[in-house]
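First the structure, in the form of structure tokens, and then the observations on it.
The values are calculated or read from the model by the stated rules, or taken from the named source; none is laboratory data. This structure is a prediction, so every number in the text was calculated from the model and none was measured. Because the Cβ atoms are built from the backbone with ideal geometry, glycine has one as well, and the counts that use them run over all protein chains shown. Note: areas computed on protein heavy atoms with side chains; ligands, DNA, RNA excluded. Shrake-Rupley method; radii C 1.70, N 1.55, O 1.52, S 1.80 Å.
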Amino acid sequence: MKYLVKLFIVVIALTMATGKLSAQRFGLKGGLNFSNMLVKDDNTTLSDNYDMKLGYHIGATAEFSLSKIFSFEAGLLLATKGYKADYDILINNISGNVKSEMNFLYLDIPLTAKAAYDLGGAKIYGVLGPYLGIGLSGHAKTELSDKGVTETHEEDVEWGDGKDGPKRLDYGLTIGAGVEINSFDIGISYGLGLANIADNSVNGMMVKHRVLGLSVGYKFGK
């Protein structure tokens with residue numbers, strides 16, 4: 001965590017040192033999230049049977065130009081994360097099917113360095129940088145089906161801080177690319193969660209977010 005904070009500070013300091021923040025562009029963006037989670041302990045990757053869960057992200061961005069090619073972009077985004085799973089179980093010679101979903105809503109704050117190349121009428125770009133995520137809410141749902149009978153269990157997530165639940169703070173790296181045509185922006189990104197949000201690390205327990213995002217946006221300003 002301390003290394004990520006240092007990276008934030010370095011990026012901001014370098015930007016301020018350039019003295020070239022006159023070109024500011026603000027924007028709105030939204031799109032789809034395809035989220036999953038990496039869950040493992042010392043011996044087993046428990047998330048091998050997890051599937052991507054469809055969700056969304058929406059929010060605002062601000063871009064500050066450093067040169068004709070380089071800029072940095074900050075954002076404030078509401079983003080869903082989580083996973084879904086569907087698997088069969090066999091316990092004491094009794095078989096059944098389990099369907100489970102974990103749904104999180106985060107406030108994500110990405111801060112990315114951006115490099116763009118003008119093709120004449122359009123720009124292609126790549127972005128890379130850290131993000132911070134603050135958990136706002138969460139909901140878990142499990143369905144157990146056996147011989148035509150289905151039992152459903154649902155509960156809201158209780159965040160960590162001494163409780164038996166995930167840690168509220170998430171952080172990681174964002175990498176992405178896209179194209180800008182006039183004021184419109186179409187992009188793809190991948191959020192690699194680096195924070196272990198497991199409520200404890202007993203037996204090497206590790207829980208991390210993985211999010212693939214597809215977005216469209218509109219930029220104000222030049």
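Here is how the numbers come out for the structure above:
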item	result
Taking N as its residue count, the alpha carbon Rg of the stretch 124-169 over 2.2 N^0.38 Å	1.88
Restraint check, 40/84; 29/68; 81/114, Cα-Cα greater than 20 Å	29/68; 81/114
Estimated 222 nm signal from helices in the chain, with DSSP H stretches of n ≥ 4 weighted -39500 (n - 2.57), rounded to 500	-2500 deg cm²/dmol
Zero-based 10 Å bins, Cα pair distances in the stretch 26-138, whole percents	12, 31, 27, 17, 9, 3, 1
Cα-only radius of gyration and Dmax that characterise the stretch 56-97, units Å	22.6, 67
Spin-label model distance (nm) - residue 42 vs residue 156, 7 Å beyond Cα toward Cβ	3.7 nm
Calculated on alpha-carbon atoms, Rg and Dmax of the stretch 90-152 in Å	22.6, 67
Rounded percent of accessible protein surface that carbon and sulfur make up, the chain, 1.4 Å probe	61 percent
Of 71, 49, 37, farthest towards positive along the dipole that unit charges on Lys, Arg, Asp, Glu beta carbons give the stretch 37-94	71
Nearest-ten-degree value, helix 2-18 long axis tilted from longest Cα axis of the chain	20 degrees
Where the stretch 81-222 is the region considered: accessible area per residue in Å², 1.4 Å probe	57 Å²
Prolate/oblate/rounded call for the stretch 74-222, Cα gyration tensor, a/c under 1.5 rounded	prolate
Relative contact order of the chain, pairs being alpha-carbon contacts under 8 Å that are 6 or more residues apart, as %	21 percent
Added length on full extension, which subtracts the Cα-Cα distance from 0.36 nm per residue, residue 97 to residue 182	25.6 nm
